[in-house]
1. Only residues in segment 65-82 that are hydroxyl-bearing (Ser, Thr, Tyr) count as the first member; pair them with residues that are modelled with pLDDT under 95 and in a loop (DSSP other than H, G, I, E, B), Cβ under 9 angstrom, at least 6 apart or cross-chain, and list the lot.
2. On the basis of being modelled with pLDDT under 90, under 28 Å from Ala445 (Cα atoms) and either out of contact with any Gly (no Cβ under 7 Å at 6 or more places or on another chain) or not aliphatic (A, V, I, L, M) (or both), does His579 make the cut?
3. Tell me which residues, restricted to segment 281-296, are farther than 26 Å from Gly616 by Cβ, surrounded by 15 or more Cβ atoms within 10 Å (Cβ to Cβ) and away from the ligand (no atom under 11 Å from the Cβ).
4. Within segment 132-176, track down each residue that is touching a helix residue (DSSP H, G or I) at 6+ places or on another chain (Cβ under 7 Å), among the basic types (Lys, Arg) and within 19 Å of Gly234 (Cα to Cα).
5. Based on this model, can you work out whether Ala72 counts as within 13 Å of the ligand (Cβ to nearest atom) and either modelled with pLDDT of 85 or more or among the hydrophobic types (A, V, I, L, M, F, W, C) (or both)?
6. Could you please find all residues in segment 462-495 being surrounded by fewer than 16 Cβ atoms within 10 Å (Cβ to Cβ) and over 13 Å from Thr452 (Cα atoms)?
7. Within segment 303-321, is there a residue that is in contact with a Ser or Thr (Cβ under 6 Å, 6 or more places away or on another chain) and either farther than 30 Å from Ala16 by Cβ or small (Gly, Ala, Ser) (or both)?
8. If we keep just the residues of segment 99-117 that are among the charged types (D, E, K, R) and either part of a strand (DSSP E or B) or within 14 Å of the ligand (Cβ to nearest atom) (or both), which is farthest from Arg261 (Cα to Cα)?
Amino acid sequence: MPELVAETQRAAILRAEIERHNEAYYRHDAPTIPDAEYDKLFRELQALEVLHPTLLTPDSPTQRVGAAPLKAFPSRRHGVPMLSLNNAFEPAEVEAFDQRVREGLESIAAVDYAVEPKFDGLAISLTYEHGFFTSGATRGDGATGEEVTPNLRTLRCLPLRLSGAGWPELIEIRGEVLLFKQAFVELNARQRERGDKEFANPRNAAAGSLRQLDSRITASRPLSFFAYGVGAGGDQLTLKTHGELMDQLAAWGFPVAEERRIVQGSKGLLAYFAEIGEKRAKLPYDIDGVVYKVNRLAAQTQLGFVSRAPRFAIAHKFPAEEALTVVVGIDVQVGRTGAITPVARLQPVFVGGVTVTNATLHNEDEVRRKDVRVGDTVIVRRAGDVIPEVVAIVPEKRPSRDLFGGEPLHPPFIMPKTCPECDSVIAKGVDEAIARCTGGLFCPAQRKAALTHFAARRAMDIEGLGDKLVDQLVDAGLVHSPADLYGLSMETLAGLDRMGEKSAQNLVAAIEKSKQTTLARFIFSLGIRNVGESTARDLAKHFGQLDCLLAADSETLQLVADVGPVVAASLAAFFGESHNRQIIERLRTAGVNWPEGVSVEAGPKLLAGKTLVLTGTLPTLKRDEAKAMIEAAGGKVSGSVSKKTDFVVAGEEAGSKLEKALELGVPVLDEIEFLKLLSEGTEQ
Ligand code: IVH
């Protein structure tokens, strides 16, 4: 077929040209041709490939365009786990890090560090086999992530095929997917125009865009990528330093941070931090700090890892962000136990990476102490993922009645006398900072919260029954108490908003399944004040049968380990209410049951007498699961590290507790070591 020679040549030219433009546009931020011209070349190549499918190569730029929607993401085990970094906030912590590194390396001379921005995006691992991009996954729990290969293929700045030479047969490239600030603004403008949800910040937008089941949506979002390391296959490279590794990644075609440098000692680290801090606002993408890595790879190996983080690297984070805004109102919110929290409604302000419109004022005393009033200009802080709070008012900016028609000063905040949700009286116990609505389950806010708690995984574990659904069920008057859940029919549920027949079926099945439970879960699910999971377990263990618990008086209750007068009073108050007893009876009549007498699984008491501290996020275990396992093995979980602590179980983002453990020489375990301890005990 002689005519295909010309086509093959043309396709190769087009591919090369398109990739060149991609490179200019996505890596150097300098488009070389107008968009329309680019599209023309692109469509010509697509047409050629459609006409002659044999011309299609796996690395063709046309393969970056989205494919048909996926059902769900398959999970993918990383060749080498994706670890986390310890954080530093203060110069002293950076100096301590440098000190530890020098001690670890027995080095008197200043250590060379490779330094780079800490991208505020989403960690990704890309697998290249024989130089071709074959798969990519999110970090997930560090060991296993979600495979999002078709979506990653749509990132024009990712090489589908490595340039140059020298790559191992298989290599995992590690880096961060992010959305540039400008792209984020444009994306949100488009979302707004279409009436779609706007994203809170570029990071969320990047994560949301990458985790799309329809990769055509990902393709329409201009995501970027920066490489910062390697996983599996890295050991086959014959490079000496992290700096060389970054150069190699750039040579293979990966975008790497332009701001990367090599500096010496802690002085060099702190100077770099200051320099990037200055540049931060001008950078085209969001960063949340800088990362310091020991430059020499052999030194990195020598230093190794502690728990889930390397000893050779640390993230130096920027301080929590604060911003100024104006209070437009002060409302109160009702929590699960009726706690009333005053909340400042704010003029929207971008702080700590998100737009904040509400900030907590904690309680009445706090509002008084800070004297926050409507109209005040306030400092709002949002540190990490915590709820934004009003730090203080700016007194100079307080509006006051003046001769020139200024805003009148609003009166001080007064706690309402009745609950905004149910009109019940709001009361405050003696010596209590928190005021509460006395409406109990009569109050819709408390009812909703109680139902969500009842259905929670650690309680009755009704899968699929979350906040939104609970809101609907309560608002529609379908559910007043947990007992009503067991009378819900498929027809009733299918009639609800956004509830298909299949989900209604699943929910009914989940409700049915929840009937088989344990006494401990059942007690916990009732949401009795001061009765957490561990107390519920103690009660179940002690009484064995619900009726014995119901019959117990305050004195008898206090025979249970860890039950003092406060918990006993809460239990007595709860069980003293006839409507609570009725609900319990209705639940039992509906078929909720548990094996009587053997309420908690008895395991070998391998951790009897041991105190453990949990810190950070473990790769697979939730904190409460780990806690339950320790307690089931007879151990105690404490919130702080001391000389008496036997073990610290540390996960990702472990902070000061881990530092303290290292300082005191308390053994630190990662999840695997912890699980081993649980199965084998401490005697080895
Ligand atoms: S190096 C062994 N370098 O920060 C850990 N991480 O808190 C290797 N991150 O999960 C990480 N920019 O997602 C490294 N220049 C950078 C980074 C960076 C952002 C993220 C990464 C990691 C998290 C750790």
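1. Partner pairs satisfying both residue conditions: Ser75/Gly140.
2. Against the criterion (modelled with pLDDT under 90, under 28 Å from Ala445 (Cα atoms) and either out of contact with any Gly (no Cβ under 7 Å at 6 or more places or on another chain) or not aliphatic (A, V, I, L, M) (or both)), His579 qualifies.
3. Leu283, Asn295, Arg296
4. Of everything in segment 132-176, nothing turns out to be touching a helix residue (DSSP H, G or I) at 6+ places or on another chain (Cβ under 7 Å), among the basic types (Lys, Arg) and within 19 Å of Gly234 (Cα to Cα).
5. Taking the combined requirement at face value, the residue does not satisfy it.
6. Asp475, Ala476, Gly477, Gly487, Ser489, Met490, Glu491, Gly495
7. So in segment 303-321, the residues in contact with a Ser or Thr (Cβ under 6 Å, 6 or more places away or on another chain) come out as 308-309.
Pick out the ones that are also either farther than 30 Å from Ala16 by Cβ or small (Gly, Ala, Ser) (or both) and you get 308-309.
Checked against the condition, which is being in contact with a Ser or Thr (Cβ under 6 Å, 6 or more places away or on another chain) and either farther than 30 Å from Ala16 by Cβ or small (Gly, Ala, Ser) (or both), segment 303-321 yields at least one hit.
8. Taking the candidates together, the pick is Asp112.
The values are calculated or read from the model by the stated rules, or taken from the named source; none is laboratory data. Since the structure is predicted, the reported quantities are computational estimates derived from the model, not experimental observations. Neighbour counts are summed over all protein chains in view; Cβ atoms, including those assigned to glycine, are modelled from backbone coordinates with ideal geometry.
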